[in-house]
Amino acid sequence: MKFQLVGRITQIEIIATGSGIRVRRYLRKAYGPGRWRKLKGIATVRLPNGALRRVEIHWYEAHGIGRRDLKIKRYVEES
């Protein structure tokens, strides 16, 4: 699913590091060696239909490489 980040990612938490990341081999081949971490956070995104939604996003990140493979995991209900 294509989407565009609007604003900042908040409530960032580390989910996994090192051998806890299942796709380390893919990350090394695709983006290069690094100290990879899997993170999650809450952000506002613009969906392809133009709607703005608050979502939980997961992604991989390494120093010097940056954020890669952002993925919407769930929509956050606003109350």
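The values are calculated or read from the model by the stated rules, or taken from the named source; none is laboratory data. In this text, all values refer to a predicted model and were calculated from it rather than measured experimentally. Reconstructed Cβ throughout: ideal geometry from the backbone, glycine too, with neighbour counts over all protein chains shown.
Of everything in the range 38-64, what is surrounded by 16 or more Cβ atoms within 10 Å (Cβ to Cβ) and among the aliphatic types (A, V, I, L, M)? Give them in sequence order.
Across the range 38-64, the qualifying residues are Leu39, Ala43, Val45, Val55, Ile57, Ala62.
Within the range 16-29, identify whether any single residue is in contact with a strand residue (DSSP E or B) (Cβ under 6 Å, 6 or more places away or on another chain) and in a loop (DSSP other than H, G, I, E, B), and answer yes or no.
yes
Taking the options Lys2, Lys71, name whichever one is modelled with pLDDT under 95, within 14 Å of the chain's Cα centre (by Cα) and surrounded by fewer than 15 Cβ atoms within 10 Å (Cβ to Cβ).
When all the criteria are applied, what remains is Lys2.
Contact list please: Cβ distance under 7 Å, first residue in the range 49-78 and within 26 Å of Trp36 (Cα to Cα), second residue among the aliphatic types (A, V, I, L, M) and outside any strand (DSSP E or B), pairs at least six apart or on different chains.
Arg54/Val76; Val55/Val76; Glu56/Val76; Tyr60/Leu27; Ile72/Met1
Quick one: how many residues across the range 30-49 are part of a helix (DSSP H, G or I) and of a type outside the set (A, V, I, L, M)?
Here the count works out to 1.
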